[in-house]
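Chemist: Input: one structure, supplied below.
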Amino acid sequence: MSTACSFVAQRLLLPTLLSLVLLVVCVLSDDASTMPTQNMSNKERAELREESREMFYHAYQAYMQNAYPADELMPLSCKGRFRGVTPSRGDMDDILGNFSMTLVDTLDTLVLLGDFAEFEHAVKLVIRDVQFDSDIIVSVFETNIRMVGGLLSAHILAEYLQKQADVMHWYKGEMLEMARELGYRLLPAFNTTTGIPHARVNLRLGMKDPQLKKSRETCTACAGTILLEFAALSRLTGDPIFESRAHAAMDALWKLRHRGSDLMGTVLNVHSGDWVRRDSGVGAGIDSYYEYLFKSYVLLGDDKYLARFNRHYNAVMKYVSEGPVLLDVLMHRPHAKSRNFMDSLLAFWPGLQVLSGDLKPAVQTHEMLYQVMQMHTLIPEAWTVDFQIHWGQHHLRPEFIESTYFLYRATGDHHYLQVGKRALKALQKYAKVSCGYAAVSDIRTGKHDDRMDSFVLSETFKYLYLLFSEPADLIINVDEFVFTTEAHLLPLSIAQLGNSTFNFRQSDEHSVLDFMRTCPSSNKLFPEKVRKPLRNFITGSCPRTSSGKRLSALDFQASNSDHLRAVYDMGITMVSVGDRSQGKVRLFHSFYNAKSQEEGEMGLQFMQEMLELTKMQSMNQLAQLQAVAWAADDKQEDWLALMAGPSHFSPELLGDKYVEGEIVLAQPLRACDEQLENASVMSGKIVVAERGDCTFVSKARLAQKAGAKALIVCDNVSGSSGETQPMFAMSGDGNDDVSIPVVFMYSLEFAKLSAQMQRRPQLSVRIMQMVEFKRWQLAKEAHLNETAAAAAAASTMPKKKPEKEL
Ligand code: DMJ
């Protein structure tokens, strides 16, 4: 049996410079990994369904017995997390409102599991214990999706059970009233010039809380993930205010799209409507905005939302999606990638693609995610383009399982059951603790985190249970419901309740609807065929093959149609990456696509040559790499340099240009406040600030305002290093007001600089082009060698004969 081979030679470092990006994937056709997935027996599937149920109860009981009425369980401490009582985790705690969030979030999962008795008990507890009149600032988005959504779906299911199962006759709509009350408490957040809601609101004081005075920024997903719950709330209570506010927010967001690219950024100012972060992808900060556009169409039947979704979807598929990979771009410069990593939230995307009918890319991206999972066992919070861990946490998120579930429902392919099984077993092995399931703080070490987010019960275990259930196992027909972003069930019948405030007009965007009826038709799609070329995306090695008469990589010209055909026959497909004018292409090689075994092998050799060429090109990267250098001794003879990345928004240090100055740490180190505490000592110095809390460019502006000569941003992820991770260029926000050089250093490199700073408090550093630094060192060495050689020569040369013998 021949070996499956694949290797990745993907460098997406400094994307503006690299002229060739290679991604090589090769699969030998008779490899075992390409065999169709084994079907899962009904017995095994039922066992996994029961195991999912047990997982749910293990977590649920741990919460109920040790944490309730707290918002969350802390599974390592085995106690509840209460806002204002448990030590604060900063902004992260805005999720918590001391309103028993995990229980509310979990109610409808109990119904899906068929546990009516526990559901009834839990509903009684919620009605008895949960209240909202607290002087607490909460996230509008999280409160809406977890609490309002949880209450609404529990209300709907309680009424459903009254009718269908003849239970809970005492229930009189109390949870709907609670949802209405909570909705009112969120409404003050919508009083903005644009109609786009503030990110946070005080449950008791609304926006009158002095801490919210400066509130300005929100994320696109935060503002755009309201409509499903608010429409349901309006339609069920008859009060139109909620739905009208949510529609207005969606309309305002739509107006902010980039008119050229149709993309959205991730952070905006709710008053001015200006973009604060123009990065555009499908993960953190934007994910559920796209989801709610599509699902608002499904739930409410308003074509306008489908048309908008389609416009964005086309843009995402054009700029963000590269085969199976999804990488952020800048909304106003969509041909250039702005990030070199993907985050785990984007794993919901294939599920959304399935719902929208675009199955083939859904299969591909899911396969990429599965390979990341196979490589690291648990999907990390973020991973780089070459599938290395970028952020090592694993929060037991549902997104990958959610997509697996929707793909299984759409295709019936047992591969997805096997994927789900693997995900389930990984959770059992690495996340199960005696008191519930604990998130993992770093999947490289397996160390646990003392958190179990409410979505573990409301989504992760729900989707696992659904994946392993036959429709007949469920008491409700899930096809009659829309799953909110928190996996709460809202019935499609809500559309029939109508809307007293909104007339759905047929908009001029209507024509885009045709998109949904275009290829690929899922009827013709065989997922195994799509997945197969993507197998072994990440690991493996390629055997050498004998050389025949063939096109060599060196001779290859992309403008030559014969060459293109030859390359195609060898099983190589080419995808343009980023700005086409820069001629970057990614090559995929697959034996599966080759015309013959022989040509497949030629293709492999071609790819190896390309790799060599790429390596040489990586020398060019050096040209972009910056150096932070300092003299190791007082005589300034020996210099040391550490690598740093440049930025897109600051002047480049090329050739013999450099900046030099004493180094000073920003206070506070994150440099995100309006003013730096030690601004007075920064004039003419090189400032160091830590990554995080605000954008790179805003840190730069602050340092510049304080008179700094340059800024070094150091990474906030411990253990990161340019030796193991691709260096990247920091992106800005499209403005060019930063005139000081700004460079980025990963943690391990910065630790070395920091050690120097401790030893020499007045340390002066020089920032320059790395290649110049190397050249400078080589010249110095050459000079020293020459001098040494001259001296040596002088000492060995026969002494000039004295004129006269003495
Ligand atoms: C959930 O709260 C929701 O799925 C949300 O849309 C995204 N984040 C979490 C799960 O990761």
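The values are calculated or read from the model by the stated rules, or taken from the named source; none is laboratory data. Given the structure is predicted, the values throughout are model-derived calculations rather than measurements. A quick note on method: Cβ atoms are made from the backbone with ideal geometry, for glycine too, and the neighbour counts reach across all protein chains shown. Surface accessibility is based on the protein's heavy atoms, side chains included, excluding ligands, DNA and RNA. Shrake-Rupley method; radii C 1.70, N 1.55, O 1.52, S 1.80 Å.
Chemist: Report the residue count in the stretch 623-644 for those that are within 21 Å of Gly692 (Cα to Cα) and open to solvent by 20 Å² or more (accessible area, probe 1.4 Å).
Modeler: The qualifying residues number 1.
Chemist: It is to be established whether one or more residues within the stretch 44-66 are more than 26 Å from the chain's Cα centre (by Cα), acidic (Asp, Glu) and surrounded by 20 or more Cβ atoms within 10 Å (Cβ to Cβ).
Modeler: No: the stretch 44-66 contains no residue that is more than 26 Å from the chain's Cα centre (by Cα), acidic (Asp, Glu) and surrounded by 20 or more Cβ atoms within 10 Å (Cβ to Cβ).
Chemist: Taking the condition open to solvent by less than 10 Å² (accessible area, probe 1.4 Å), within 15 Å of the chain's Cα centre (by Cα) and over 17 Å from Arg333 (Cα atoms), does Gly265 pass?
Modeler: No, not satisfied.
Chemist: While we're on this one: Can you tell me which condition Ser469 does not meet? The list is (1) within 16 Å of the ligand (Cβ to nearest atom); (2) part of a loop (DSSP other than H, G, I, E, B), and all the others hold.
Modeler: (1)
Chemist: Got a number for residues in the stretch 145-200 being over 25 Å from Asp133 (Cα atoms) and open to solvent by 10 Å² or more (accessible area, probe 1.4 Å)?
Modeler: Qualifying residue count for the region: 12.
Chemist: If you take the residues of the stretch 417-466 that are among the hydroxyl-bearing types (Ser, Thr, Tyr) and not in a strand (DSSP E or B), which of them is farthest from the ligand (Cβ to nearest atom)?
Modeler: Ranking the qualifying residues of the stretch 417-466, first place goes to Ser434.
Chemist: Any residue in the stretch 232-256 that is farther than 20 Å from Cys219 by Cα and in a loop (DSSP other than H, G, I, E, B) sitting within a Cβ distance under 6 Å of a residue that is open to solvent by 30 Å² or more (accessible area, probe 1.4 Å) and at pLDDT below 95? List the pairs, counting only those 6 or more apart or interchain.
Modeler: Sorted first by the residue in the stretch 232-256, then by its partner, the pairs are Pro240/Ser500; Pro240/Thr501.
Chemist: Just the residues that are surrounded by fewer than 22 Cβ atoms within 10 Å (Cβ to Cβ) and either touching a Cys at 6+ places or on another chain (Cβ under 8 Å) or small (Gly, Ala, Ser) (or both), please, taken from the stretch 329-354.
Modeler: Ala336
Chemist: Would it be correct to say that Ile95 is β-branched (Val, Ile, Thr), within 15 Å of the ligand (Cβ to nearest atom) and either under 15 Å from Val456 (Cα atoms) or open to solvent by 50 Å² or more (accessible area, probe 1.4 Å) (or both)?
Modeler: Criteria met by Ile95.
Chemist: Identify, by number, the condition in (1) at pLDDT below 85; (2) open to solvent by 40 Å² or more (accessible area, probe 1.4 Å); (3) part of a loop (DSSP other than H, G, I, E, B) that Ala782 doesn't meet.
Modeler: For Ala782, the failing item is (3).
Chemist: Would a scan of the stretch 365-382 turn up a residue that is within 16 Å of the ligand (Cβ to nearest atom) and charged (D, E, K, R)?
Modeler: Taking every residue of the stretch 365-382 in turn, at least one turns out to be within 16 Å of the ligand (Cβ to nearest atom) and charged (D, E, K, R).
Chemist: Out of everything in the stretch 289-300 that is open to solvent by less than 10 Å² (accessible area, probe 1.4 Å) and closer than 21 Å to Lys318 by Cβ, what residue ends up being nearest to the ligand (Cβ to nearest atom)?
Modeler: Checked the stretch 289-300; the qualifying residue nearest to the ligand (Cβ to nearest atom) is Glu291.
Chemist: Restricting attention to the stretch 262-279, does a residue exist that is away from the ligand (no atom under 16 Å from the Cβ) and without any contact (Cβ under 8 Å) to a residue 12 or more places away in the chain?
Modeler: Within the stretch 262-279, one or more residues are away from the ligand (no atom under 16 Å from the Cβ) and without any contact (Cβ under 8 Å) to a residue 12 or more places away in the chain.
Chemist: Among the residues of the stretch 218-225, is any in a loop (DSSP other than H, G, I, E, B) and either in contact with a Gly (Cβ under 6 Å, 6 or more places away or on another chain) or within 26 Å of Ser731 (Cα to Cα) (or both)?
Modeler: yes
Chemist: Look through the stretch 394-416, keep the residues that are outside any helix (DSSP H, G or I) and open to solvent by less than 10 Å² (accessible area, probe 1.4 Å), and return whichever of them is farthest from the ligand (Cβ to nearest atom).
Modeler: Per the criteria, the residue is Leu396.
Chemist: I'd like to know if the stretch 305-328 contains one or more residues that are open to solvent by less than 10 Å² (accessible area, probe 1.4 Å), small (Gly, Ala, Ser), modelled with pLDDT of 95 or more and over 18 Å from Lys255 (Cβ atoms).
Modeler: No: the stretch 305-328 contains no residue that is open to solvent by less than 10 Å² (accessible area, probe 1.4 Å), small (Gly, Ala, Ser), modelled with pLDDT of 95 or more and over 18 Å from Lys255 (Cβ atoms).
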